[in-house]
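Let me begin by presenting the structure, written as structure tokens, before commenting on it.
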Protein chains: 2
Amino acid sequence: MLENDTLLRALLRQPTPHTPIWLMRQAGRYLPEYAATRARAGSFLALAKSPALATEVTLQPLERFPLDAAILFSDILTIPDAMGLGLYFSEGEGPRFERPLRDEAAIRALAAPDPASELKYVLDAVAQIRAALAGRVPLIGFSGSPFTLACYMVEGGGSDDFRLAKSMLYGRPELFHRILAVNAQAVADYLNAQIAAGAQAVMIFDTWGGMLAEAAYHEFSLAYLKRVVGRLVRSRDGARVPSIVFTKGGGLWLEAIADCGCDAVGVDWTIDIGAARRRVGDRVALQGNLDPVVLFSPPDVIRREASRVLESFGPGAGHVFNLGHGISQFTPPEHVAALVEHVRSASRTLHA
Amino acid sequence: MLENDTLLRALLRQPTPHTPIWLMRQAGRYLPEYAATRARAGSFLALAKSPALATEVTLQPLERFPLDAAILFSDILTIPDAMGLGLYFSEGEGPRFERPLRDEAAIRALAAPDPASELKYVLDAVAQIRAALAGRVPLIGFSGSPFTLACYMVEGGGSDDFRLAKSMLYGRPELFHRILAVNAQAVADYLNAQIAAGAQAVMIFDTWGGMLAEAAYHEFSLAYLKRVVGRLVRSRDGARVPSIVFTKGGGLWLEAIADCGCDAVGVDWTIDIGAARRRVGDRVALQGNLDPVVLFSPPDVIRREASRVLESFGPGAGHVFNLGHGISQFTPPEHVAALVEHVRSASRTLHA
């Protein structure tokens, strides 16, 4: 039994006394206690691969702020790492792969990893976090989307335009589809294993889908999001396990995303969330959508802008408050406190 | 009299025998002859500030490809440079300002430059390019948008999130509005001076408007785009001077942009141009929208994707073919040749 089930209820468009709030990357570099744990771990990857330390940092933001959910501390690239691509982090450059997918033989040989053996450290972290949470709030599991994983796998790391990945997509679509098909299987297996280990909701991060042309988005990202969502376990121990799909920059395709079978759609800050609600109707809940940069403003501005999001969504069920993207590492933690407290109190008034 | 006026006609939604094509940043680093001229100039800024060399590089792509327009070779940050902010380019970091706008006194002291004296090198370039073109195709003048200029002026250079600029926008909106009001005056004066010097169409690049929340976009970018467009000279020597507004990432706000008073709206590649056409109706022409990364594919793929854009827009007037963003410096020039030739021939069939 959960002490606070507002997140799960809101994701299923059931009434809640306040609008639940959590923040993408809420366990992370803006918190000094996170920096301390990471220093003890030695590296980001060592931290992410240690279930005990991942549990520690997952709970840190909950000790500071009355957040309505915990999210597994991990990386979106654990799957390709388990596929043998060799994930590493180079200072200032973000994630990279030692062996990016560049030739047909490697693509033909690609296979979905078995989470129970090859991603055991993640499942162990999920189980330990669930135990440590002891029912305070639900735990969200997550994965990168098939397309977003493929971008990194082909490109070998982050990029302004993912030129290599998109060149394969345009020039050798059958090869790119082969990667996506394996990724979709891998993501579904991985999220189902997280659910079996204790995740009470799951989120798929399609970080790079928004840089595609519309037709390409449908063919190379949304089709595989749909495939993943269609394979997800829908309930565990009698409780529904809601799914959230978030394509950053996907505002133009909102109706199509809302039809992918998920329970909730994440929206970035470029769309007015009230307009988004009118477009999706009662098909899905919405999660978002404060501009993360607002958190650099003084608390009165943060409260004003958060109220704008709450009021734009309006009264009624189906809103999970969040940022429109991950929280910046430079965010002052006391500003997060002001945001979380305000969303809690202002949304109580809105729902009363 | 123009030998080829297809661009101007299409921008005014008048019939043309083929769909005109030009490419954002068509005079630039992907061309070896550009690299040679730049090497002679010594630096990008020296090149941009020399009317003779700017004329030379503006005409280079027209020597290679049967493009339907020339666009002034210049930088989007000439205005803040003329305001005294001290534009410079640091290797690998892009444009930067020596004296970004960070304090109230500097913002209060900000004034629109007089183009005739402070941006004379640009107007001289416009006149020289017009003379060199000798009526082959029209010349497009351009400027950054008030908001995009303000982003760089406050931030001091490019940024992933323009944290400083957006913090001022949220926290000190009256200061940010003061910058925007001066910028709107400066951009209108600058574009009108380019028109007087010979520009036959003008384009406003709102490169960063798409990273704003919807309400902020309307208040801090679109309102000032409207102000600029409202002040533009509409015709010269009896010929209409069409205006193009391009907010990258502005697909969600297309109807509002189409109502800003401009003749044409630029669209990036994330929106289907046929859907965009249905949304704007007969209010404006559309310019776009091939994904620039398509140009890394083999010619047959380039032709397929270009046809997809042409066919999505469909028959009838009001389409200017372009990329959805500036051409990459790594693009093979022979792929540009394949694109331009294909758009010319395939669109002739479409319009026949």
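Laboratory data are not the source of any read-out in this text; all were calculated from the coordinates shown. The structure presented is a predicted model; accordingly, all values stated were derived computationally and were not measured. Positions of Cβ are backbone-derived with ideal geometry, glycine not excepted, and every protein chain shown enters the neighbour counts.
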Item to check | Net charge of neighbours whose Cβ lies under 12 Å from the Cβ of B:LEU67, counting Lys and Arg as +1 and Asp and Glu as -1 | outcome: 0
Checklist entry - When only Cα pairs under 8 Å and 6 or more residues apart are kept, what is the percent relative contact order across segment B:45-92? => result 33
Checklist outcome for this item: With x for Gly and Pro, the residue-by-residue ³J(HN,Hα) of segment B:344-352, computed from phi through the Karplus equation 6.51 cos²θ - 1.76 cosθ + 1.60 at θ = phi - 60° and given in whole Hz, is 4, 6, 5, 6, 4, 4, 4, 7, 6
Checklist outcome for this item: Phi-derived 3J(HN,Hα) across segment B:153-163 with the Karplus relation (6.51, -1.76, 1.60, θ = phi - 60°), rounded Hz, x for Gly and Pro, is 5, 7, 5, x, x, x, 6, 6, 10, 6, 4
Checklist outcome for this item: Counting only DSSP beta bridges with both partners in chain A, the antiparallel fraction in percent, to the nearest 5, comes to 25
Checklist entry - At a Förster radius of 30 Å, what calculated FRET efficiency corresponds to the Cβ-Cβ distance of B:GLU174 and A:ALA35, to the nearest 0.05? => result 0.25
Checklist entry - In peptide A:204-216, how many Cβ atoms from other protein chains are near each Cβ within 10 Å, on average? => result 4
Next on the checklist: Quick check on the protein assembly as shown: of the DSSP beta bridges with both residues there, what percent are antiparallel, nearest 5%?
Outcome noted: 25
Next on the checklist: As a footprinting exposure proxy, order A:PHE89, B:PHE313, B:PHE321 by other Cβ within 10 Å, with the fewest listed first.
Outcome noted: A:PHE89, B:PHE313, B:PHE321
Item to check | Length added when fully stretched, A:ARG64-A:TYR88, from 0.36 nm per residue minus Cα-Cα | outcome: 5.6 nm
Checklist outcome for this item: The rounded separation in angstrom of the Cα centers of segment B:214-284 and segment A:201-257 is 31
Checklist entry - Going down the table (A:LYS49/A:LYS226; A:LYS49/A:LYS248; A:LYS248/B:LYS248; A:LYS166/B:LYS166), which pairs top 19 Å between alpha carbons? => result A:LYS49/A:LYS226; A:LYS49/A:LYS248; A:LYS166/B:LYS166
Next on the checklist: Skipping prolines and chain starts, which residues have an amide H placed within reach, meaning under 5 Å, of the one on B:ASP206, given they are 5 or more residues away or on another chain?
Outcome noted: B:SER145, B:PHE246, B:THR247, B:LYS248
Checklist entry - What residues qualify as long-range amide H neighbours of B:ARG236, i.e. H under 5 Å apart, gap of 5 or more or another chain, H built at 1.01 Å from N? => result B:VAL241
Checklist entry - What nm value, rounded to one decimal, do you get for the distance between B:ASP237 and A:ASP237 when each label is placed 7 Å out toward the C-beta? => result 8.0
Item to check | Ellipticity estimate at 222 nm from DSSP helix runs (n ≥ 4, -39,500 (n - 2.57)) divided over the protein assembly as shown, nearest 500 | outcome: -13500 deg cm²/dmol
Item to check | Residue order, fewest to most beta carbons within 10 Å, for B:ASP68, B:ASP259 | outcome: B:ASP259, B:ASP68
Next on the checklist: Using Cα-Cα distances under 8 Å and only pairs 6 or more residues apart, what relative contact order does chain A have, in percent?
Outcome noted: 22
Checklist outcome for this item: Most packed first (mean Cβ within 10 Å per residue), the peptides B:136-142, B:112-118, A:126-132, A:25-31 order as B:136-142, A:25-31, A:126-132, B:112-118
Checklist entry - What is the fewest-to-most order of B:HIS325, A:HIS177 by other Cβ atoms lying within 10 Å of their Cβ? => result A:HIS177, B:HIS325
Item to check | Whether segment B:162-270 is rounded, prolate or oblate, judged on the alpha carbon gyration tensor where a/c under 1.5 counts as rounded | outcome: oblate
Checklist entry - What is the average number of partner chain Cβ atoms found within 10 Å of a Cβ in A:286-296? => result 4
Checklist entry - Residues of B:251-259, mean number of Cβ from any other protein chain within 10 Å of their own Cβ, rounded to a whole number? => result 2
Item to check | From phi via Karplus (6.51, -1.76, 1.60), per-residue ³J(HN,Hα) for segment B:238-250 in Hz, x at Gly/Pro | outcome: x, 9, 5, 10, x, 10, 10, 10, 10, 9, 5, x, x
Checklist entry - Dipole magnitude of segment B:258-321 about its Cα centre, charges +1 at Lys/Arg Cβ and -1 at Asp/Glu Cβ only, in debye to the nearest 20? => result 140
Checklist entry - Non-local amide H neighbours of A:ASP5 (under 5 Å, H modeled in plane, Pro and chain starts lacking H): which ones? => result none
Item to check | Shape of the protein assembly as shown, Cα gyration tensor, a/c cut at 1.5 | outcome: prolate
Checklist outcome for this item: Using alpha carbon centers only, segment A:310-352 is separated from segment B:38-107 by a whole-angstrom value of 42
Checklist entry - In segment B:199-326, what % of DSSP beta bridges are antiparallel (nearest 5)? => result 10
Checklist entry - A:GLN14 to A:SER43: extension gain in nm, 0.36 nm per residue of separation minus the Cα-Cα distance? => result 6.4 nm
Checklist entry - How about B:LYS120: which aspartates and glutamates have a C-alpha closer than 19 Å to its C-alpha, ignoring those fewer than 8 places off in the same chain? => result B:GLU56, B:ASP75, B:ASP81, B:ASP189
Checklist outcome for this item: Yeah, segment B:169-231 with a ≥ b ≥ c from its alpha-carbon gyration tensor (a/c under 1.5 is rounded, else prolate when a/b outruns b/c, oblate otherwise) is prolate
